[in-house]
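Step one of this worksheet: look at the structure below.
The values are calculated or read from the model by the stated rules, or taken from the named source; none is laboratory data. Remember, predicted model here, so these are calculated numbers, not experimental data. Neighbour counts are summed over all protein chains in view; Cβ atoms, including those assigned to glycine, are modelled from backbone coordinates with ideal geometry.
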Amino acid sequence: MIGHAIGATVARDRLTCYTCGVMRNHVHLVIRRHRIQAQEMIETFKVATRDAVVREGLCDADHPVWSRDPYVAYKDNPRAIRQAIYYIEQNFVKHRLPRQNWGFVQPYDGWPHAGT
């Protein structure tokens, strides 16, 4: 349900997501730079996923689902972006979880230097 809420947000806000990992107690995303600033994106994802959890009855409406200060790392070159994607994909192995395949995740295209 959390992944689907993330996917709906990606589609609605027309974001480009290169990978998504929904772990047992955290989420990893690689999102391409966008007109929406990172902190605003994070808040949007937090609200969408929290609403989904509350809707499913998995917690009360006043329960804090996400941490106040999520970790944000800006990657500005293809090598760093590929490393971030690899790190997230290895989290499935590290946490003994099956790999996830989300329809909203796009293969990495070399941005920001694609075609140069």
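A quick yes/no check of all residues on (1) within 14 Å of the chain's Cα centre (by Cα); (2) hydroxyl-bearing (S, T, Y):
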site	(1), (2)
A52	no, no
D60	no, no
P64	no, no
S67	no, yes
N77	no, no
V105	yes, no
P112	no, no
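No other residue among Y74, Y18 is surrounded by 12 or more Cβ atoms within 10 Å (Cβ to Cβ), hydroxyl-bearing (S, T, Y), outside any helix (DSSP H, G or I) and modelled with pLDDT of 90 or more apart from Y18. Selection of the stretch 48-71 for residues being farther than 16 Å from H28 by Cβ, among the small types (G, A, S) and outside any helix (DSSP H, G or I) yields G57, A61.
Taking the condition of a type outside the set (A, V, I, L, M), in contact (Cβ under 8 Å) with a residue 24 or more places away in the chain and not in a helix (DSSP H, G or I), does W102 pass?
Details: of a type outside the set (A, V, I, L, M): yes; in contact (Cβ under 8 Å) with a residue 24 or more places away in the chain: yes; not in a helix (DSSP H, G or I): yes.
For W102, the condition - of a type outside the set (A, V, I, L, M), in contact (Cβ under 8 Å) with a residue 24 or more places away in the chain and not in a helix (DSSP H, G or I) - is met.
Before we move on, is W111 closer than 15 Å to T16 by Cα, in contact (Cβ under 8 Å) with a residue 12 or more places away in the chain, among the aromatic types (F, W, Y) and touching a Gly at 6+ places or on another chain (Cβ under 8 Å)? Walk me through it before giving the result.
On the way: closer than 15 Å to T16 by Cα: yes; in contact (Cβ under 8 Å) with a residue 12 or more places away in the chain: yes; among the aromatic types (F, W, Y): yes; touching a Gly at 6+ places or on another chain (Cβ under 8 Å): no.
Answer is no for this residue.
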